[in-house]
Each structure stands twice: as structure tokens, then as C-alpha cells.
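Shown next, in C-alpha cells, is the structure this report addresses.
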């Protein structure tokens, strides 16, 4: 009798869905691949630069270069280029399609930016809520994404100056493109220095990119932009 009653009652055997991590596994993999690709590109680029310097008297130490001279550095640079371009493309497509980039990096308020910069300069770095980026973080991520796209483009122009002669001419000629590529590299290096320093000052952000971080509520965005729990 009891079995008949129990069988007649609706039983929800579906396990409740757990809220996702702040950084899903795929995002973490893409992040660390990008980090490796950037390091390969930067250090091999220094080896290429030393073979034909832009600023006379400015060289990079052999201990910092990837490749003993220009030829092996070029091989490393091309390998890193494809890794960065393909991995970066996947990251951007995922970020745009999923809405993650818009949700995490926009909007940026001028007052918030000014306040965060002042607090950071006074080493008042509070990051209790890892699910929210402050204005400086948002700006830095936007800048490095744009710099990465710029580096891929100018790198192609340097590699194939004849095929991209119109673009090279538009940017001021071959040597000008080399200089612009060098400036883009400097921007990315600056970002990495700040990024690593902030990660060391707030270790929970680094651990979140390794472990996935805290779980965040599943949200859906209405056309008006209002986030609601699903």
C-alpha cells in the first residue's frame, strides 16, 4: 500500500543546478594560454628588436630574450603569434556572445574612475567583492584587449609590408609601424606589471583565476539591461 502511494506522488529527481563560478573553466584556460602567449611574444620580440634596434643604445639583456639571436626569436614569435591570435579570437567571441565582456567591463563612470585611481595611488585597494571590477580594472582590461588587437595587426603589417602596403603607408611607413608595434608592446608590458602587482596585493584575485572563484547567481539580462535571478 505504501509503495503504491509513494509511486503515485511526483518525485523530482532532477538535481538543482549549482550557480556557476565567477571564472568558468573555459575562461581560466583561455586566460592562462593568453598569458603564456603574451610572454612568448614579448620576450621573442625583444630578441628580434635587438637585431635591428629602433632606439640606438637600447638593448634587452640576453637573459630576458627568447631565442639566442634574431632567427630563433622569429620562430618563437611566429609560434606565439598564432597562439595569441587564435586563443584571443576565441576569448573575444565567447566574451561578446555570452555577454561576459559587456557585463564585466561596462559601463565605466568618470567619477568612479577618478576615485579608484586616487585610492590606488594611496594604496587603499579594497577588493572584497571579486565579482565586481572597479573602474581602473575595467579600463586596464579594455586597453590591453585593444592593444592585443593592435599588436596582431601591426605585426602582420611588419611581416608582410608589401601585401599590406596600403595599411603600412597609412600608418606612416615601415619604420613608423615598427615604432607603433614597439609602443603597443610597452603598453602590454605595463599592463602585465600592474596586473601582477595587483594580484600580489590582493591574492584572492589570483586564486580565483586558478580555482574559479566564488559562485555567482545565474542572471538573465532584460532588454532594459536589468539583471534578474533565474
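Here is how the numbers come out for the structure above:
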{"item": "Index of the failed condition, residue 166 passing every other in (1) at negative phi; (2) buried (at least 17 other Cβ atoms within 10 Å of the Cβ)", "result": "(2)"}
{"item": "So residue 133, is it closer than 20 Å to residue 35 by Cα and not in a helix (DSSP H, G or I)", "result": "yes"}
{"item": "Selection from segment 103-120 of residues that are surrounded by 13 or more Cβ atoms within 10 Å (Cβ to Cβ) and under 13 Å from residue 140 (Cα atoms)", "result": "104, 105, 108, 113, 116, 117"}
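A quick yes/no check of all residues on (1) at pLDDT 95 or above; (2) under 22 Å from the mean Cα position of the chain (by Cα); (3) in a helix (DSSP H, G or I):
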position	(1), (2), (3)
63	no, no, yes
71	no, no, yes
87	yes, yes, yes
90	yes, yes, yes
103	no, yes, yes
124	no, no, no
154	yes, yes, yes
162	yes, no, no
177	yes, no, yes
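The values are calculated or read from the model by the stated rules, or taken from the named source; none is laboratory data. This is a predicted model, so every value here is computed, not measured. No Cβ is skipped: glycine too gets one built from the backbone with ideal geometry, and neighbour counts run over all protein chains shown.
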